[in-house]
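The block underneath contains the structure these notes are about, expressed in structure tokens.
Only the coordinates and a few stated rules stand behind these numbers; no lab work does. All of these numbers come straight from a predicted model, not from anything done at the bench. Here the Cβ is made from the backbone with ideal geometry for all residues, glycine too, and neighbour counts use every protein chain on show.
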Amino acid sequence: MNLAIETHQLTRNFNDFCAVGGIDLAVERGTFYGFLGPNGAGKSTTIKMLTGLLAPSGGRMLVLGKNMRDPKESLDAKRHMGVIPEDLALFDNLTAREYLTFVGRIHLMPRDTIRNRTEELLSVLALDDVEKKLTLEYSHGMKKKLAMAAALLPNPDLLFLDEPFEGVDAVTSRVIRDLLSGYVARGSTVFLTSHVLEIVERLCTHVGIIVKGKLVEQGPLATIRQGGTLEDRFLQQAGADSESTRKLNWLDEAAS
Amino acid sequence: MNWQHFQAFVWLRWRMMVNQWRRAGAFNAVLMMVIAVGAVVVAVPLLIGSFALGVNAIPKGTPMHLLYVWDGLVVAFLVFWMTGLVMELQRSEPLSLSKFLHLPVSVKSAFLINYFSSLLRLSLIIFVPMMFGYSLALVFVKGAMLLPVLPALAAFLLMVTALTYQFQGWLSSLMNNPRRRRLVVVAVTVIFVLGSQLPSLLSSNFAPFLTSQAEQSRQLAKEMDELNRAFQAHEFDANEYTRRLKELVDHDELATKQSDSELSEQVEESALLANLVLPIGWLPLGVKGAAEGRLIPALLGILGMTLIGSASLWRAYRTTVGMYQGQATARGSQPSSRVAATPAGLGKTRTLLLERRIPGLSEPVAAIALGGLRSLLRSPEAKMMLLSPLIMAVLFGTMLLRGSGLQNVSDWIRPLIGVGAMFVVLAGVLQLMSNQFGFDRGGFRIFVLSAASRRDILLGKNLAFAPVVAGMALVLLVAVQVFVPMRVDHFLAMFPQFVSMFLLFCLLANLSSIYAPAYIAAGSLSHSKPKMSVVLRQMLTVGILFPLTQVPTLLPLGIEALIKSQGWIEQVPVYLILSLLQCAVVVLIYRLLLSWQGGLFQSREQQIVEIVTNRES
């Protein structure tokens, strides 16, 4: 099996709190992998570790066959990765075009390629009309779009996307979905977290579910669904408490 | 105005204040709580104490003394008041009333409640009882003629609080745009900092008097020495000696009295003029007038301050209504005309600064250097910090040039002044450079995520500062050369020396950035909730390591001074030659150590990213 991401007992503790408790991920190349979990389950911590933003407390992780705990190998892996981190990675005082130029040059891309791709990305993601603004003036959705553009710019083999659709309008969301689908169809890999199960169900070929730092399930989407919907399966795994909504019965009362 | 609403607003302000303290750490929260409770508790003793002090001291003072006392009180109050305002501006929570206008509160009520609840400040709790107690003492001691001081005090407080409130409202509408918000915060801080420099500028205004007094003392000592020498040589008898000595002392006393009187007159004139021109001086001026039996200044002061206060409140109210009707929001949401006016496709042909290549440097290094430079030049807080060396140089330079001896300094001291200027430039950017990643905030993640070599990242980061620092150093060096000209070979030696100084400084700044990073809030200039260990490490960098790393760069000048003083070699520009040699050695050391620092950086980058992107770190 040709794996893009492989972890063994990957763990991260914050003092006494175990955010990720020994997970074994196996993400095949060319798959669209949806990483699901309730709030605080450990999704973003896992992505941070896989992308080198956070050191693991224990375990092993290979990304594109490179050991991410080895400084030299991790640089090799990063040359082929695009990332949208949880809190983005933008510079307040640069415009979109400047930021993309910066990212392109860091990836050693030729100047003309950077220009052409920047032009296209800004246009496709509807950022061309605000390109004179500094990113600190952007809305959250616009920042997400710019981070997406930066992640796609070097045309990487593997994309890590942490909540890429959060705060993005419907039109751009559709554009991004189409882009990502085409991207995976060409053999690249996407590792994505999202709270929108419909999107995951529509896009992903494989799914992993993490709850309280433990990987409770992973595999092809069809296998995970077990004939039902992804939402049902997710709620079942996440242990949703339907009782709690019944406690708010005063909401049924007429307003005074 | 609804009482429950008022309570809610007061509670809200209190909670915001407490939470702000708490964010700065448990110790700070407890300390500030103790200070707040202490301030409320001491309000009554302050009232009684200032009354008692006034009753004892006022009978001894002249009306001019009363003016000075009130000036002191007013200035102290304003310093505390403005400090509170700057702190509130730097908080992340905007001051905007728009946060309340969607709630079931009428616009007028929201305005009044917010204004009255804004009065809940430590400076007001401490100073109002003090000023009130002192005013009561004035009436008690001087009689009913001083009664206008009470309405004058009320008018003064109305003026200050209303002006501040209007100012805050205006700022909050300005700060809807985050780019302008940072500019506003920085501008207010700069004005505050420059304002705090006023006393030193004023004192330099009176410096000639103090200098003449010192000169006079030196003259007296010299004449007495001469007299003693003549007496020892038996040029006259003891009676003549006593007569001449008395004459000298009397003459000196007369001159001192005259000088004191001139100084006193000058201070008095300046104080009266300042009080007349500045509305904040009308309260002290009114007190002085009333103490002299003239009620007109006090009444005019009350009228003027009440008018300013009322006009400010009215203007603030109009702003609130405008905000309620959506005027401010509508303006803020319009696209900028600059963007609309940009011809389509302009970006395709124009070469961006970030696209430029730097000969001899790899793509990542050039991109990081140019990106860093672009960010620096756009960031108001960084610009302010970068300007500080120039401001310091102008301030100190003016003081130095006023001194008499600067033109007479020897050839060896002149280059030292140039070195001092370059040191000031580096010291000015020390805070920025010793926490290079802190100012990247979230942007720092791109470095961790990138495949660029960590050595290249450090090199790019250092080079981002180079044009700015070199530019400032050049300006100061040229100024030094104009005012205190040094030999041409010494002037030329400054350039390689500066390269050495900058590279050694970069190595230190890199280490500090790697081992003592700190989170810097956007638009802010200081660390947010720094750990004690980080503060200590940065203090070590600033106080000890920075000067220490610069000392070796003085070697070439020191060696030339030694050689010339011994007369070993003449007519050879030793300083220039050794500076060039030293520069070559430092470049080599920099290249070697940078690779090692790159490794250190990579081993700590995950810890750094946790700190510089986390406001709670």
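When the Cα positions of B:LEU376, B:MET33, B:SER106 are compared along the charge dipole of the protein assembly as shown, B:SER106 comes out farthest toward the positive end, with charges on each C-beta of Lys, Arg, Asp and Glu.
Could you run the Debye sum over the Cα atoms of the stretch B:426-517, one equal point scatterer each and no solvent, and tell me log10 of I(q)/I(0) at q = 0.13, 0.14, 0.16, 0.23 Å⁻¹, two decimals? Values returned for q = 0.13, 0.14, 0.16, 0.23 Å⁻¹ are -0.52, -0.58, -0.71, -1.16. Show which lysines lie in cross-link reach of A:LYS132 when reach means a straight Cα distance below 20 angstrom and same-chain residues fewer than eight apart are skipped. Hits, sequence-local ones excluded: A:LYS143, A:LYS144, A:LYS145, B:LYS348.
Dividing the alpha-carbon radius of gyration of the stretch B:207-270 by 2.2 N^0.38 Å (N being the number of residues), what value is obtained? Write out the running numbers ahead of the final one.
Numbers: Rg = 15.2 Å, N = 64, 2.2 N^0.38 = 10.7 Å.
In units of the 2.2 N^0.38 Å rule of thumb, it is 1.43.
Computed from backbone phi, the HN-Hα couplings of the stretch B:133-150 come to x, 5, 5, 4, 4, 4, 5, 4, 7, 8, x, 4, 4, 8, 4, x, 4, 5 Hz, rounded to whole numbers (Karplus: 6.51 cos²θ - 1.76 cosθ + 1.60, θ = phi - 60°; Gly and Pro given as x). Highest mean packing comes first when the peptides A:29-37, A:61-69, B:467-475 are listed by Cβ atoms within 10 Å, giving A:29-37, A:61-69, B:467-475. Rg of the Cα atoms in the stretch A:1-159, relative to 2.2 N^0.38 Å, amounts to 1.12. Per residue of B:602-612, other chain Cβ atoms within 10 Å of the residue Cβ number 3 on average.
Note that the stretch A:65-77 has calculated 3J(HN,Hα) couplings of x, 9, 6, 6, 8, 9, x, 6, 5, 5, 5, 4, 5 Hz, one per residue in order, obtained from phi through the Karplus relation 6.51 cos²θ - 1.76 cosθ + 1.60 (θ = phi - 60°); glycine and proline are x. For A:GLU217, the residues whose modelled amide H falls within less than 5 Å of its own, excluding neighbours fewer than 5 places apart on the same chain, are A:ILE209.
Each Cα pair under 8 Å and six or more residues apart adds its separation to the average, and for the stretch A:88-155 the resulting relative contact order is 50 percent. For the peptide A:69-81, the mean number of other protein chain Cβ atoms found within 10 angstrom of a residue's Cβ is 2.
What does the helix-only formula give at 222 nm for chain A: each DSSP H stretch with n ≥ 4 adding -39500 (n - 2.57), the total divided by the residues, and the result rounded to the nearest 500 deg cm²/dmol? Write out the running numbers ahead of the final one.
Working: 10 runs with 96 residues, N = 256.
That comes out to -11000 deg cm²/dmol.
Compute the orientation-averaged projected area for the stretch B:354-612 from the convex hull of its Cα atoms and round it to one decimal in nm².
On the way: hull surface 59.5 nm².
So the mean shadow area of the Cα hull is 14.9 nm².
Close amide-amide hydrogen proximity is noted between A:CYS18 and no other residue 5 or more places distant or on a separate chain, at a cut-off under 5 Å (H modeled in the peptide plane; Pro and chain starts excluded).
The mean number of partner chain beta-carbon atoms within 10 angstrom of a residue's beta-carbon across peptide A:48-55 is 5. Could you please report the charge total around B:PRO573, scoring K, R as +1 and D, E as -1 over all other residues with beta-carbon less than 9 angstrom from its beta-carbon? Combined, the nearby Lys, Arg, Asp and Glu give -1.
For the pair the stretch A:1-20 and the stretch B:218-278, the centres of their Cα atoms are 84 angstrom apart.
Would you mind classifying the protein assembly as shown by shape? Square roots of the alpha carbon gyration tensor eigenvalues, ordered a ≥ b ≥ c; an a/c under 1.5 is rounded, otherwise it is prolate if a/b is larger than b/c and oblate if not. Intermediate results must be reported in sequence, preceding the final value.
On the way: a/c = 2.57, a/b = 1.41, b/c = 1.83.
The shape class here is oblate.
Packing, as the average of other Cβ atoms within 10 Å across residues, places the peptides B:490-497, A:152-159, B:47-54 in the order B:490-497, A:152-159, B:47-54, highest first.
The shape of the stretch B:216-309 can be summarised by an equivalent ellipsoid whose semi-axes, obtained from the alpha carbon gyration tensor, come to 54, 12, 6 Å from longest to shortest.
Close amide H partners of A:PHE160, meaning residues 5 or more places away or on another chain with modelled amide H under 5 Å apart, are A:GLY82, A:VAL83, A:ILE84, A:PHE191.
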